[in-house]
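Notes follow the structure.
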Amino acid sequence: MYSLGIDIGSSSVKVSLLDITSGKCVGSATNPKVEAPIKALQKGWAEQDPEMWWGFVCDGVKEIGTQHDLSKVVSIGITYQMHGLVAVDKDINPVRDAIIWCDSRAVGIGAEALEKIGYEKCMSHLLNSPGNFTASKLAWVRRNEPELYAKIYKFMLPGDYIAYKLSGEVATTETGLSEQILWDFKEARRADFVAEYYGIEPEKFPKIVPSIGFQCRTDAGIEGQLGIPQGTPVCYRAGDQPNNAFSLNVLNPGEIAATGGTSGVVYGVTDVPKADKASRVNTFVHVNNTDEAHRYGVLLCINGTGILNSWVHHKITPDLNYGMMNEKAVEAPAGSDGLLVLPFGNGAERVLENKNIGAKFAGLDLVRHSTEHILRATQEGIAFSFRYGIDIMRDLGLDLKVIRAGKANLFLSPLFRSTLATLCDASIELFNTDGSLGAARGGALGAGYYKTPEEAFATLEKLEVITPVPEWKEALEQAYQNWKTELNNSIS
């Protein structure tokens, strides 16, 4: 028996086939083979055609189908780029291109909503500012494209649209509503007061289905088109960051998922619904939240991080590959002899209250410091930024126990991993998984082929465990405090 996982990204769509019994990936396909286009009709805009996503899903499923019998697919899970807006008419055809996650046109509308609805109400009920999230994007359409808005029958997230294409049913989840800033945490229901403020009619909302559990079934057309049996249940749906956490078995308070690509993301699970008053991190409903056991995901995003390491590679050490850079960095001592790096050179940082302070090297001694110091201070500076965000998350009630990550990007560096583990006084567990496989596991769990999360993740391959380095602790802690002082001076 197979479970199919679908990952709708903004640059590509990946489809994976999971053998439910062995827990192994037996096939995967990524489309397009080059990066998918994003339309930017004006500065700060970002749009994609939802039908393009569906085309890539079909391409990937058909590609896998040339090697595997898709009549054995018994469950489907979907993950997707968060915060996007897909607006459809009564025939469930998009009335316009989707406004995706990185589109910033609604920032002013969200700021206005925070003021008019009231800061205290937003923080206590939404745990977030309305910001540039989906509800604000829909309000932008209502305000600037009234003729198109009048045609809207339902609005959805990208994953909701793909589920519709598979089944003919329009629905969303509580997790999805929370990422649109349309979930009332205090009342545990849809945040209709936000919709009312924006003038969004209640009938435009889709129905609510579980994030993990039965959502819909594939229709006869899908069997004819893709070879997946009619009636196959779609039983999992989550945005990319909650799903990344799920993929790494991050489901309980104190557990954290982290990624370190171009940007850095930390997503921690807590059972305390508490807002960061400065909106430096965002809280959403996690995929396994229930009335009996509350689970919330606190999301930190740092725009810098990996892009800084890449910049150092290309501009300072072009003759070294990343492995050689890591080996050379270890030759410098913990704390890099006072050299500090602020990794914030990739635009405004939400964790810094939307300030753009740029990247910075501080304390550089032209006599003492060498290439080794620069390389180590770079990785330490990135780890310091993670610790800075994690400290904010701890203030919101997150009791950090373990950090889980895929063995990729920055987490390929033994120095970075050990530095982060030491700074956070936590173990780091590295796994071999990705978003589409996580969605496939979620689909099988939601359909009942795995009876518990423990069973679902029993075959998840743990590659390595990293523990703190005691002899680094004092030097790194002192360097971190100096780094925070430098950061505060740069902000003020």
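The values are calculated or read from the model by the stated rules, or taken from the named source; none is laboratory data. Keep in mind it's a predicted model, so treat the numbers as computed, not measured. Positions of Cβ are generated from backbone atoms using ideal geometry, with glycine treated the same way; all protein chains shown enter the neighbour counts. SASA here: full protein model, heavy atoms, side chains in, ligands and nucleic acids out. Shrake-Rupley method; radii C 1.70, N 1.55, O 1.52, S 1.80 Å.
What are the residues in region 250-266 that are touching a Gly at 6+ places or on another chain (Cβ under 9 Å) and either polar (S, T, N, Q) or open to solvent by less than 10 Å² (accessible area, probe 1.4 Å) (or both), if any? So that I can check it myself, show each step before the final result.
Just the residues of region 250-266 that are touching a Gly at 6+ places or on another chain (Cβ under 9 Å), to begin with: 250, 253-264, 266.
Scanning region 250-266 gives V250, G254, I256, A257, A258, T259, G260, T262, S263, G264, V266.
Scanning region 139-152 for residues that are surrounded by 19 or more Cβ atoms within 10 Å (Cβ to Cβ) and either touching a Lys or Arg at 6+ places or on another chain (Cβ under 8 Å) or part of a loop (DSSP other than H, G, I, E, B) (or both) turns up W140, V141, Y149, I152. From the list R417, R441, R394, the lone residue that is in contact with a strand residue (DSSP E or B) (Cβ under 6 Å, 6 or more places away or on another chain) and among the basic types (K, R) is R417. Given the structure, is L430 touching an Asp or Glu at 6+ places or on another chain (Cβ under 6 Å) and in a strand (DSSP E or B)? Judged against the criteria, L430 is a match. Kindly indicate whether S10 is modelled with pLDDT of 95 or more, of a type outside the set (A, V, I, L, M) and closer than 25 Å to F431 by Cβ. No: the conditions fail for S10.
Please verify whether D91 is assigned to a loop (DSSP other than H, G, I, E, B) and open to solvent by less than 10 Å² (accessible area, probe 1.4 Å), treating the condition exactly as stated.
Details: assigned to a loop (DSSP other than H, G, I, E, B): yes; open to solvent by less than 10 Å² (accessible area, probe 1.4 Å): no.
No.
In region 97-123, the qualifying residues are those that are farther than 17 Å from G44 by Cβ and not aliphatic (A, V, I, L, M), and the one that is least open to solvent (accessible area, probe 1.4 Å) is C122.
Would you be able to say whether some residue in region 472-484 is open to solvent by 10 Å² or more (accessible area, probe 1.4 Å) and among the aromatic types (F, W, Y)? Yes: region 472-484 contains one or more residues that are open to solvent by 10 Å² or more (accessible area, probe 1.4 Å) and among the aromatic types (F, W, Y).
Taking the stated definitions as given, is L41 open to solvent by less than 30 Å² (accessible area, probe 1.4 Å), aliphatic (A, V, I, L, M), over 23 Å from the mean Cα position of the chain (by Cα) and over 22 Å from A238 (Cβ atoms)?
Numbers: open to solvent by less than 30 Å² (accessible area, probe 1.4 Å): no; aliphatic (A, V, I, L, M): yes; over 23 Å from the mean Cα position of the chain (by Cα): yes; over 22 Å from A238 (Cβ atoms): yes.
Here the answer is no, as L41 does not meet what is asked.
Give the residue that is least open to solvent (accessible area, probe 1.4 Å), with candidates limited to residues of region 333-387 that are of a type in the set (D, E) and farther than 21 Å from L299 by Cα. Show your work before the answer.
We begin by selecting, within region 333-387, every residue of a type in the set (D, E); these are 337, 349, 353, 365, 372, 380.
Filter again for farther than 21 Å from L299 by Cα, leaving 337, 365, 372, 380.
Numbers: D337: 69, D365: 49, E372: 36, E380: 3 Å².
Only one residue tops the list, namely E380.
Is there a residue in region 282-303 that is out of contact with any strand residue (DSSP E or B) (no Cβ under 9 Å at 6 or more places or on another chain), open to solvent by less than 40 Å² (accessible area, probe 1.4 Å) and either aromatic (F, W, Y) or in a loop (DSSP other than H, G, I, E, B) (or both)?
Applying the first criterion (out of contact with any strand residue (DSSP E or B) (no Cβ under 9 Å at 6 or more places or on another chain)) to region 282-303 yields 290-293.
Next cut, open to solvent by less than 40 Å² (accessible area, probe 1.4 Å) only: 293.
Filter again for either aromatic (F, W, Y) or in a loop (DSSP other than H, G, I, E, B) (or both), leaving 293.
Yes, there is a match, as at least one residue in region 282-303 is out of contact with any strand residue (DSSP E or B) (no Cβ under 9 Å at 6 or more places or on another chain), open to solvent by less than 40 Å² (accessible area, probe 1.4 Å) and either aromatic (F, W, Y) or in a loop (DSSP other than H, G, I, E, B) (or both).
Of all residues in region 153-174, those satisfying the criterion of being of a type in the set (V, I, T) and open to solvent by less than 10 Å² (accessible area, probe 1.4 Å) are I162, T172, T173.
From the residues in region 71-81 that are among the hydrophobic types (A, V, I, L, M, F, W, C) and open to solvent by less than 10 Å² (accessible area, probe 1.4 Å), which one is farthest from T173 (Cα to Cα)? Ranking the qualifying residues of region 71-81, first place goes to V73. Residues that are open to solvent by 10 Å² or more (accessible area, probe 1.4 Å) and part of a helix (DSSP H, G or I) within region 442-457 comprise L445, G446, A447, P453, E454, E455, listed in sequence order.
Put simply, of A113, A135 the only residue that is among the small types (G, A, S), under 18 Å from N282 (Cα atoms) and in contact with a Leu (Cβ under 6 Å, 6 or more places away or on another chain) is A135.
Candidates in region 63-116 are the residues that are among the hydroxyl-bearing types (S, T, Y) and under 25 Å from the mean Cα position of the chain (by Cα); of these, the one that is nearest to S136 (Cα to Cα) is S104. Looking across region 159-179, the residues that are among the acidic types (D, E) and touching a helix residue (DSSP H, G or I) at 6+ places or on another chain (Cβ under 9 Å) come down to D160, E169, E179.
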